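Notes follow once the structure below has been shown.
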Amino acid sequence: MPIPRRIVLGLLAGALALPVAARAAPLSEDALRTAPFETIVEAARGGTVNFFLWGGDDRINAYVSGPLAEALKAEYGITLNRVGVADTAEVVNQILSEQEAGVTDGGAVDLVWINGENFRTLKTGGLLLCGYAERLPNARFVDWSDPSIANDFGTPVDGCEVPWSKARFALAYDSARTAEPPKTMAAFLDWVRANPGRFTYAAPPDFNGSAFVRHVFMHAAGGAEALSGPFDQARFDAAAEKAYGLLDDLEPFLWREGRTYPTDIAQLNQLFANSEVDFTFNYEPTVFGAGVADGRFPETTRSFAFDDGTLANTSYVAVPFNAANKAAALVLANHLLSPAEQLRKADPAVWGMATALDLDRLTPAEAEAFRALPRHPAVIADEDLADRAMAELSADWLEAIEKGWIERVGR
Amino acid sequence: MSRIVLESLTKTYPGAPRPAVRGFDLDLPAGTLTTLVGPSGCGKSTVLRLIAGLAEPDAGRILIGGQPMAGIPPERRGAVLMGQDHRLFPHMSVAENVGFGLRMRGVDPAVIRSKVADMLDLVQLPGLESRRPSELSGGQAQRVALARALVVEPAVLLLDEPLSDLDPELRLDMRDLIRRAQHQTGITTLFVTHDREEAVAVADRTAVMLAGELARHGRPADVFERPLTRAVALFMGATNVLDGRFDGRSVTTSIGTLTLAAPPPPEATAVVIRPERIRLSAGSGTSGVNTFACSIKSLEYRGTHVVATVAAATDMLVVAVPAEAAAGHGVGDPVAVHLPPEALQPVSG
Amino acid sequence: MTAFGAALPRRAGALVRRAAARPQGFAARSALALLLVLLVAPFLPVVVWSVTRAWFYPAIVPQTLDLSAWTSVFSATSGVPAALGRSVLIALSATGLAMLFGVPAGRALALHRFPGRRLVEVLVLAPLVVPPLAVAMGLHAVFLKIGLAGTVPGVVLAHIIPTLPYVILVSASVFSAFDTGLEDQARSLGATPSQVLRHVTVPLLAPGLAVAALFAFLVSWSQYGLTLLVGSGRVPTMPLILMQFVTAGRQDVAGAIAVLTVLPGVLALVLSARILAAAAARERTTS
């Protein structure tokens, strides 16, 4: 059967559309921080922006390469080149090796979806463009005084990245199996002991498994306040004794009696989907809706958050110090903050990722549009999460807790 | 039908200590089959490669049909080589192999088909056109190779040990086939072999090549019977070489004084006699010319004949006796040997 | 002939030939069938995943068939069709370049003796021994400086490193098995040098060199780390996109991409097996 010429041409066109960095008239770093935004938009027009982000979800890919790219092209004439990665750490390594090779201009990455440790690595290495974030026109819709915006896992943002989405930790269960899930950490731990083999968690340093362990840690320490602020060895030791003891005692009641843990969240999701365990969890509850939509989770999946507090974080976009197309990157970062684009992204039919905007700063009609967004039944309501949000711990705490778990529980 | 003349050909391969071919002259009359015989490594194959144009001589000339060949590429010489390995093209059928040369010359396909069929008839393999070379026996492959060479009606056919990879009985068949095909086509042929019997059996003329040089050239019987030099005599199997002092028609050797049938040439230094030409008789009667008393040292049974080594005076002679004539003899028996004068050949060197 | 020029490739060649030769008897045929099952079986779930939805544990067979993974993979925004085209372009270019340098090198190693030949043999094998990522990191640093990092030409050049040894090894064995006497024979039968090339040399060498090219294509096609690093992540080929969905646990989309990723390889393998089998059939009785 002859292959239709249209497909052959399409393949060729795709192959030849090399992600070449088209240079617009370059603006100095100072100009990027001081020039009127119109100047930046003019400098960026007709250019390209290489947006690096995790590529493991076809819905996100479809949104970024589809409506988002089209909007950027239509409004600013900028071509968005989505660069999918399997792990954001790859992007950090890329920027680090460019710095080592002395590439101070014309770097591969223009904008990267980032937070937490990856952000801290780049910021402390001086590898990010800073000081522009709050000057973006759409930055006025962001509440920069909100601690969960101003701090990225304890690292001050300092205008080195632009918030994109908010996320809060939630657990998923199958309402067909579990009628009424335990809604406090204490009750949950009791449930695990009463139902041996029906729960496990992904082993740190898995991002989500690590977050679950932090919840246990905060519970053991008597609340989030006990661990807030800069790292403190004495406070850590006190909490660690109780928390790891608790997790050790829990082991016999876990799936396979705790002899082995899922190594990543994908495995835990699989166990949950196959009814081997009764819960999974995620820092991004919209994945439960997406999971049902793409058939990985049962239709009867529902989610909840612990009444005694659930961790919240913000994810951002950042511009590396050596980005080839900084002006275009700023235009994209600004566009991502526009109420219309944030509304589209928050729509569960598109992606469903919670907005980073402060609804009070929008017009009543805009705010209403956000409130009126449909919600997938598997995804916990935003307001249910917001009441109980706990700020993330700083990266030092995070690392100490992960390291302690690996040494004392994981072994 | 072309006459082939080789004049003073010399060829030294790069890095070789001595020339492979040195001052080599040879004249192949048109339509004849000449055998070129010599031990391995004497330069026979190099002569063929020089004629075929696959190697260029350092000195000397090659004339094919009167045309000097210097600078003429192999494909325009009309000299077709056929080796001991049939070298059939493995990716072509028998018909494609046989028709190859004609196809390269742009001959009409219908003509090629009929000529290929004729040629396969000639080599007694009719109807094998569509076979692959991998489906042929060794003898069949060699015949196809012969057909492939003959079909282009070359000015000269160069055969390089074409029989040496074949079984003994196939060898005789193939030898006859080559001889017959050569007669029918009249293609001037140079047949290289290291087997002296093969060399004299099929040829119009035989040339002996030793250490890069032409040592003897003539009718096969002449070359066989009258080697002229010691080296040719030894190569052609005249095992008994007796150094001597010549005096008119007699020569004094280590076994005694021998009488020759004709006066020897002045350069003669020895006489040779083939083992089968010496007569052996029982008893110690030594009457008659060139007859000597001796004793049998060893007997070696060779089926059709017996090879006897006999001690005569201070030397040894090798004698081939028909098996039945040897029946009465045993080791240590006294016997008489007779060396007929006409069988004694004076040689030089 | 040295161990490199003949023995090693010949031994490999013999293995391939033996495998490709028609199996004799029941035992050989069952062994071949078993091998096929072992090779194909692990791949079947991948195909099934790509067309199923909501296939949960107690169910032995998928409850529903669904092509949404395929729809998503073939959508304009997935980047998969472009990556497929890019993978083909890169693998073909890398193969072309590797053949350009590797075939003459293999010929020289097989047919000529020259000073330093041993050293060349070792150098040729080096990329097979040195961990590719170590090479890739050095190469990335160099390419960053000269502006080749993150470009398709840069990735093509990088792919020459792992592909070249295969091309050289295979073509060395092809040339050492080639009888130049056939070329002389053709000349003496009246073929001009260009006719010899067209009717004898090329047809006889083509199957072996095609296998060399197929090897090169497959090796380039399956590169992951090298492409990721030298391409600065910006040259997404099929293995890169596949990895994104595999690590994300998206079995459906990963399954569909895996099928697309494996297909050219399977095609290339089937093709090379046929070429080898034909060559083996030809060689069996001539030797």
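Remarks
- Pick from region B:75-97, criterion over 25 Å from the mean Cα position of the chain (by Cα) and at the interface with chain C (Cβ under 7 Å from one of its Cβ atoms), ranking: surrounded by the most Cβ atoms within 10 Å (Cβ to Cβ): B:E75
- Subset of region A:343-368 [buried (at least 22 other Cβ atoms within 10 Å of the Cβ) and under 14 Å from A:A69 (Cα atoms)]: A:K345
- Where a residue in region A:284-295 is free of Cβ contacts under 8 Å to residues at least 40 places away in the same chain and in the same structural domain as A:K345 (by TED's automatic domain parsing) and its partner, wherever it lies, is crowded, with 24+ Cβ neighbours inside 10 Å and of a type outside the set (G, A, S), with Cβ under 6 Å and at least six apart: none
- Here the condition is being on the phi > 0 side of the Ramachandran plot and out of contact with any Asp or Glu (no Cβ under 8 Å at 6 or more places or on another chain); of A:G159, A:G154, A:G126, it holds for A:G126 alone.
- In region C:138-158, the count of residues that are surrounded by 21 or more Cβ atoms within 10 Å (Cβ to Cβ), more than 14 Å from chain A (Cβ to nearest Cβ) and at pLDDT 90 or above is one or more.
- Scanning region A:265-283 for residues that are away from chain C (no Cβ under 12 Å) and under 19 Å from the mean Cα position of the chain (by Cα) yields A:F281, A:Y283.
- C:S272 fulfils the conditions (1) without any contact (Cβ under 8 Å) to a residue 60 or more places away in the chain; (2) farther than 30 Å from A:R82 by Cα except for a single criterion, (1).
- Hey, A:G131 surrounded by fewer than 20 Cβ atoms within 10 Å (Cβ to Cβ) and either within 16 Å of the chain's Cα centre (by Cα) or in contact (Cβ under 8 Å) with a residue 60 or more places away in the chain (or both) or not: yes
- When region B:183-240 is filtered for residues that are of a type in the set (G, A, S) and either out of contact with any strand residue (DSSP E or B) (no Cβ under 9 Å at 6 or more places or on another chain) or over 27 Å from B:D315 (Cα atoms) (or both), the ones remaining, listed by number, are B:G186, B:A199, B:A201, B:A203, B:A207, B:A211, B:G212, B:A215, B:G218, B:A221, B:G237.
- The single condition among (1) of a type outside the set (A, V, I, L, M, F, W, C); (2) free of Cβ contacts under 8 Å to residues at least 60 places away in the same chain; (3) assigned to a strand (DSSP E or B); (4) closer than 28 Å to B:P39 by Cβ that B:E276 does not meet is (3).
- Residue that is nearest to the chain's Cα centre (by Cα) [pool: residues in region A:313-352 that are within 24 Å of A:E117 (Cα to Cα) and hydroxyl-bearing (S, T, Y)]: A:S315
- In region B:333-345, the residues that are of a type outside the set (V, I, T) and in a strand (DSSP E or B): B:P334, B:A336, B:H338, B:Q345
- Meeting the requirement of 3 or more residues that are closer than 30 Å to A:D294 by Cβ, the helices (runs of 4 or more DSSP H) wholly within region A:174-273 are A:185-194, A:207-221, A:265-273.
- Single match in B:V123, B:V156, B:V144 (criterion: over 30 Å from B:A16 (Cα atoms), of a type in the set (V, I, T), within 14 Å of chain C (Cβ to nearest Cβ) and crowded, with 20+ Cβ neighbours inside 10 Å): B:V144
- Some residue of region B:66-73 being at the interface with chain C (Cβ under 10 Å from one of its Cβ atoms), out of contact with any Asp or Glu (no Cβ under 8 Å at 6 or more places or on another chain), under 27 Å from B:H183 (Cα atoms) and of a type in the set (G, A, S): no
- When A:A340 is tested against (1) closer than 30 Å to A:N93 by Cβ; (2) in the same structural domain as A:N115 (by TED's automatic domain parsing), only condition (1) is not met.
- Test for C:R187: is it at pLDDT 90 or above, buried (at least 19 other Cβ atoms within 10 Å of the Cβ) and either within 9 Å of another protein chain (Cβ to nearest Cβ) or in contact with a strand residue (DSSP E or B) (Cβ under 9 Å, 6 or more places away or on another chain) (or both): yes
- Verdict on C:S232 being surrounded by fewer than 18 Cβ atoms within 10 Å (Cβ to Cβ) and in contact (Cβ under 8 Å) with a residue 24 or more places away in the chain: no
- Taken as a whole, the condition of being within 11 Å of chain C (Cβ to nearest Cβ) and closer than 30 Å to A:C160 by Cα applies to A:V287.
- The one condition in (1) buried (at least 24 other Cβ atoms within 10 Å of the Cβ); (2) at pLDDT 90 or above; (3) in contact with a strand residue (DSSP E or B) (Cβ under 9 Å, 6 or more places away or on another chain) that C:Q244 fails to fulfil: (2)
- Residue satisfying condition, being buried (at least 17 other Cβ atoms within 10 Å of the Cβ), more than 10 Å from chain C (Cβ to nearest Cβ) and at pLDDT below 85, within set A:A24, A:A31: A:A24
Matching residues to (1) under 27 Å from the mean Cα position of the chain (by Cα); (2) assigned to a loop (DSSP other than H, G, I, E, B); (3) at pLDDT 90 or above:
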position	(1), (2), (3)
B:V272	yes, no, yes
B:V289	no, yes, no
B:F292	no, no, no
B:L299	no, no, no
B:G303	yes, yes, no
B:V318	yes, no, yes
B:V321	yes, no, no
B:V331	no, yes, no
B:V347	yes, no, yes
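Listed here are the residues, each with its yes/no results for (1) free of Cβ contacts under 8 Å to residues at least 12 places away in the same chain; (2) closer than 25 Å to A:F141 by Cβ; (3) part of a strand (DSSP E or B).
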{"residue": "A:E299", "(1), (2), (3)": "yes, no, no"}
{"residue": "A:T314", "(1), (2), (3)": "no, yes, yes"}
{"residue": "A:L332", "(1), (2), (3)": "no, yes, no"}
{"residue": "A:L343", "(1), (2), (3)": "no, yes, no"}
{"residue": "A:L357", "(1), (2), (3)": "no, yes, no"}
{"residue": "A:E368", "(1), (2), (3)": "yes, yes, no"}
{"residue": "A:V379", "(1), (2), (3)": "no, yes, no"}
{"residue": "A:K403", "(1), (2), (3)": "yes, no, no"}
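- Residue identified as under 21 Å from A:A172 (Cα atoms), among the acidic types (D, E) and away from chain C (no Cβ under 14 Å) among A:D358, A:D307: A:D307
- Residue within region B:50-63 that is within 18 Å of B:L190 (Cβ to Cβ), part of a helix (DSSP H, G or I) and more than 11 Å from every other protein chain (Cβ to nearest Cβ) present: yes
- Count - residues of region B:213-242 that are in a strand (DSSP E or B) and either crowded, with 19+ Cβ neighbours inside 10 Å or hydrophobic (A, V, I, L, M, F, W, C) (or both): 7
- Candidate set: region C:90-120, residues that are over 16 Å from C:F215 (Cα atoms) and under 21 Å from the mean Cα position of the chain (by Cα); chosen: the one farthest from the other protein chains (Cβ to nearest Cβ): C:A105
The values are calculated or read from the model by the stated rules, or taken from the named source; none is laboratory data. In this text, all values refer to a predicted model and were calculated from it rather than measured experimentally. In this analysis, Cβ positions are derived from the backbone assuming ideal geometry, glycine residues included, and neighbour counts consider all displayed protein chains.
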